[in-house]
Amino acid sequence: MQNKIKVVEVGPRDGLQNENKIWSIAERIQMIDLLSQCGFGEIEVGSFVSPKWVPQMADTEAVYQKIHKTPDCRYSVLVPNQKGMDTALTYNVRDISIFTAASEAFNQKNINCSIEESFERFTPLLHQAKDHNIRVRGYVSCVIECPFSGKVSPTLVATVAERLWQLGCAEISLGDTIGKGTPESTVAMLQAVQERVPLERLAIHCHDTYGRAVENIEAALAEGVMTIDSAITGLGGCPYGGENAKGNVATEAVLALLDRKQLQHSLNAVAIEKARQYVLSYS
Ligand code: HMG
Ligand code: MG
């Protein structure tokens, strides 16, 4: 079992997908190469989604091919459907993430299908991933609240998370997409989910819309969660999460929290500052 807290850097995907400025391939590569020096367990490189839906993530395959990958870090790409999976296979991507939600309304806006249909899409992808020894991470969005349909029941989150787990996802990331979580609602949700999915397989993915992400992560750590998603400089959001989806928790805030709690991690503060300065100078 891991004894260090693992941090998953989602800035190049969840961050840049929501920026007005479209970063060039070279800028994205430079950003990821700087992030590769920071000690993350995983970096999300981008998405193989429709460029009409998310133009910021076009050309992810070129970025994936040209980044300098370090052996201790996973480099993952979001895949929504068979077309995305075909691209992942063509470019020999070793780590993919699939994504669904605990809200029907959000799923329709985000991937144009129901929760049930999303599982119909994922099932063959998971078989292909297994055949090609590709690790799959599964996201559940709207684990606290949906921007379109309001509060989400922890039981529904647990059901969706369990289905992803049973399909073969190695890790399930629980997304507070619009940052409406509190420490209490975060813990209530985690308690429901960990009845159905082993705690060591869960990650917490907090957006900082209302400035509560750090305290929610602190509550999740106290609950025993060992994997945290964050984005350098707090870039990002979800293009289909409405105005309220802006801002992932900042990686540097997570680093400060881990140090304050004296928790073991692999992050390098100097490299994070360098990456942070780079992103600030470009955004
Ligand atoms: P659709 O319109 O239903 O798909 O979209 P379609 O199969 O009818 O295809 C429409 C067009 O898209 C076609 O092109 C396809 O070829 C193309 P056209 O014939 O019109 O020229 N297309 C693709 N192109 C590239 N790669 C693909 C692909 N698939 C189809 N994989 C679809 C369905 C899933 C494609 C669309 O809804 C989509 O791309 N959605 C992505 C939305 C997205 O990326 N959202 C952000 C990520 S999720 C998130 O941020 C939340 C998270 O951070 C956790 C949290 O915070 O909660 C993970
Ligand atoms: Mg997100």
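Here, each number is a calculation from the coordinates, and none is a lab measurement. Computed from a predicted model, the values in this text were never measured in an experiment. Cβ: placed from backbone, ideal geometry, glycine included. Neighbour counts: every protein chain shown.
For the reader, a short list of remarks on this structure follows.
- Cα-based values for the chain, radius of gyration first and Dmax second, are 16.9, 44 Å.
- The magnitude of the dipole of the range 6-282, with charges of +1 and -1 set on the Cβ of Lys/Arg and Asp/Glu and taken from the Cα centre, is near 340 debye.
- The range 89-195: radius of gyration over Cα atoms, expressed as a fraction of 2.2 N^0.38 Å: 1.07
- Distance between the 7 Å Cα→Cβ label points at Val270 and Tyr210: 4.1 nm.
- DSSP bridge orientation in the chain - percent antiparallel, rounded to nearest 5: 10
- Long hydrophobic helices in the chain, taken as whole DSSP H segments with a C-alpha length of 18 Å or more on their own axis and mean Kyte-Doolittle hydropathy at least -0.5: 154-167, 269-282.
- Shape of the range 149-283 from the C-alpha gyration tensor: prolate (a/c of 1.5 or more and a/b above b/c, with a ≥ b ≥ c the square roots of its eigenvalues).
- Among His265, His132, sorting on how many other beta-carbon atoms sit within 10 Å of each Cβ, with the fewest leading, yields His132, His265.
- For the range 1-115, the Cα-based Rg and Dmax, in that order, read 14.3, 42 Å.
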